[in-house]
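The next block holds one structure in the form of structure tokens; read it before the comments.
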Amino acid sequence: MWRRPVVTILILVMPLILTLPLRAQQKPFTQEQVVSMVRDGFGDESGAKLIEQRGIDFAPSEDFYQTLKAAGASEAFVNALRAAKSAEPATAKKPINQVQIFALFAGRALCQSGAVRESVPSALRHMPGSGASHPFDMFGAG
């Protein structure tokens with residue numbers, strides 16, 4: 001009875017999980033990658049477009065710009081670097097992604113269907129101070 005919603009959720013989540021590696025490829029460029037782009041001949045308009053799309057994860061110095069120009073980077077490439085915003089610091093809180101949002105909704109749907117309720121031990125059914133008769137009731141699931 002409860003297996004059908006679980007299987008449905010798994011079928012819906014799998015494509016999202018499988019696309020995560022593709023999203024990982026869209027990370028901002030590192031300083032080493034930018035140097036490699038110029039060295040490999042992408043220090044022109046095409047490289048500038050990539051910098052605009054993905055951004056950079058570092059704060060370039062004036063010396064870095066001069067080094068790139070000396071290595072053959074075009075003015076458009078250097079201007080794209082100047083305009084690119086450095087990624088957020090690692091300590092900044094990031095919003096939840098689509099997979100996490102979907103998992104929250106799926107969990108709520110399971111709670112509403114009663115599939116999870118049947119597997120929750122009776123010791124967890126009463127949470128002091130919450131006013132809920134079931135742990136998932138505080139999320140409006142039942």
Each label point is 7 Å from the Cα along the Cα-to-Cβ direction; what then is the distance between the points at R39 and Q100, in nm? 3.6
Under a 5 Å amide H to amide H cut-off, with H placed in plane at 1.01 Å, what residues pair with I56 once short-range neighbours are removed? F29, K85, A87
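What is the local net charge at E45, summed over the other residues whose Cβ is closer than 12 Å to its Cβ (Lys, Arg +1; Asp, Glu -1)?
Details: positive: K49; negative: D44, E52, E75.
Net charge around E45: -2.
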Points 7 angstrom from Cα along the Cβ direction at K69 and R108: gap in nanometres? 5.4
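I need the shape label for the range 47-87. Rule: rounded when a/c is under 1.5, else prolate if a/b > b/c, else oblate, with a, b, c from the alpha carbon gyration tensor. The partial results should precede the final answer.
Working: a/c = 2.38, a/b = 1.30, b/c = 1.83.
The shape class here is oblate.
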One finds, for S61 and K27 with R0 = 25 angstrom and r their Cβ-Cβ distance, a FRET efficiency to the nearest 0.05 of 0.70
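How much net charge surrounds A73 when only the other residues with a Cβ under 12 Å from the Cβ of A73 are counted, with Lys and Arg +1 and Asp and Glu -1?
On the way: positive: R39, K69, R82; negative: D40, D44, E45, E75.
Surrounding charge for A73 is -1.
Where a number appears in this text, it was derived from the coordinates with a stated rule and is not lab data. Remember, it's a predicted structure, so these values are computed and weren't measured experimentally. Methodologically, a virtual Cβ is constructed for each residue, glycine included, from the backbone with ideal geometry; neighbour enumeration extends over all protein chains shown.
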